[in-house]
Amino acid sequence: MRYSAPQEAWEADVPVRGDVPALATLIAEGGALVLSGAGISTDSGIPDYRGPTSAARRHAPMTYEAFVGDPVARHRYWARSHVGWAQMAGARPNDGHRAVAALQRAGLVSGVITQNVDGLHQAAGARDVVELHGALDRVVCLGCRATPARTEIQRRLEALNPGFDARAVAINPDGDAELPDAELDRFTMTACPACGDGPLKPDVVFFGESVPRPRVDHCFSLVDRARSLVVLGSSLTVMSGLRFVHAASRRGLPVAVVTSGPSRADGVADIRLTEALGDVLPGVLDTLRLLDRA
């Protein structure tokens, strides 16, 4: 559900602590583990899930149960995703992504975990990014387990749907476009290029689906090796990301949170900022005299 209150009301109860120099000082100690969410990609034209910049969503997010169990729901998901892919594929890294990559190159960021599926951290130059919820540019066949590239699937979909000029009402953070119902039934889905069957699924974690355990364990190992945890652009509404904050807090690590509106880590954050990441992160680089490397 969209939060439609004005910015002042949205931030009214956020316990702001510290400032950009304090965040820079924390990161300057090295070993900072970054945990990012949808808020870091809003300046790249990808809407947030929640908060004052979020996009209204007419349809509930796709659940794993519906995707695997309901062919009609799966067909309509792919129709919306096919249209939304153009905006996702065309998105470019912003100053926030570039700042994280610069801090990693400087040896101050020890790892990056992202809840996003847009690939923008890597496009900005970040290395060894853990994509907690997968990535939209990969596809997996649930039948034969082949993993065709999303670009190949898009080419097939374009060939099968030359007249599919659906009008997108809005694009959601997961690349799922909002389309008029009349457009959805005109869409033709492609089969798996490897086995000729399927079904195909984007290599992302849907609501109700578990993050693969080895991936979760790797993230916990990054927390174990970190000296601090820096949360960027996430309200941590779902436990998928919040559990790493809990783990950092149990270890006594300093936690910094930079996001608009409340987060579920507000009670444990040592540094809590609500300014835009496009301002905060370049400010950190400037404080650390790394701006010329971004």
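Values as computed for the structure displayed
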quantity: All positions within segment 107-124 that are over 16 Å from the mean Cα position of the chain (by Cα) and part of a loop (DSSP other than H, G, I, E, B); calculated: 107, 108
quantity: Any strands (runs of 3 or more DSSP E) falling wholly within segment 190-267 and containing at least 2 residues that are over 26 Å from residue 43 (Cβ atoms); calculated: 200-204
quantity: Residues of segment 279-294 classified as buried (at least 17 other Cβ atoms within 10 Å of the Cβ) and more than 18 Å from residue 32 (Cα to Cα), total; calculated: 0
quantity: Any hit, segment 40-49, residues being open to solvent by less than 10 Å² (accessible area, probe 1.4 Å), at pLDDT 85 or above and touching a Ser or Thr at 6+ places or on another chain (Cβ under 6 Å); calculated: no
quantity: Subset of segment 227-259 (residues that are open to solvent by 50 Å² or more (accessible area, probe 1.4 Å), modelled with pLDDT of 95 or more and among the hydrophobic types (A, V, I, L, M, F, W, C)); calculated: none
quantity: Condition check for residue 224: within 30 Å of residue 76 (Cβ to Cβ), in contact with a helix residue (DSSP H, G or I) (Cβ under 9 Å, 6 or more places away or on another chain) and open to solvent by 20 Å² or more (accessible area, probe 1.4 Å); calculated: no
quantity: Search result, residues across segment 77-94 that are assigned to a helix (DSSP H, G or I) and surrounded by fewer than 20 Cβ atoms within 10 Å (Cβ to Cβ); calculated: 86, 87, 89, 90
quantity: Which listed residue, of 253, 242, 229, 222, is farther than 21 Å from residue 136 by Cβ and in contact with a Lys or Arg (Cβ under 6 Å, 6 or more places away or on another chain); calculated: 242
quantity: Scope segment 260-276; condition among the hydrophobic types (A, V, I, L, M, F, W, C) and open to solvent by less than 20 Å² (accessible area, probe 1.4 Å); matching residues; calculated: 265, 269, 271, 273
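The values are calculated or read from the model by the stated rules, or taken from the named source; none is laboratory data. These numbers come from a predicted model, not from an experiment. Virtual Cβ from ideal backbone geometry, glycine too; neighbours counted across all protein chains shown. To get the accessible areas, we keep the full protein, side chains included, count just its heavy atoms, and leave off ligands, DNA and RNA. Shrake-Rupley method; radii C 1.70, N 1.55, O 1.52, S 1.80 Å.
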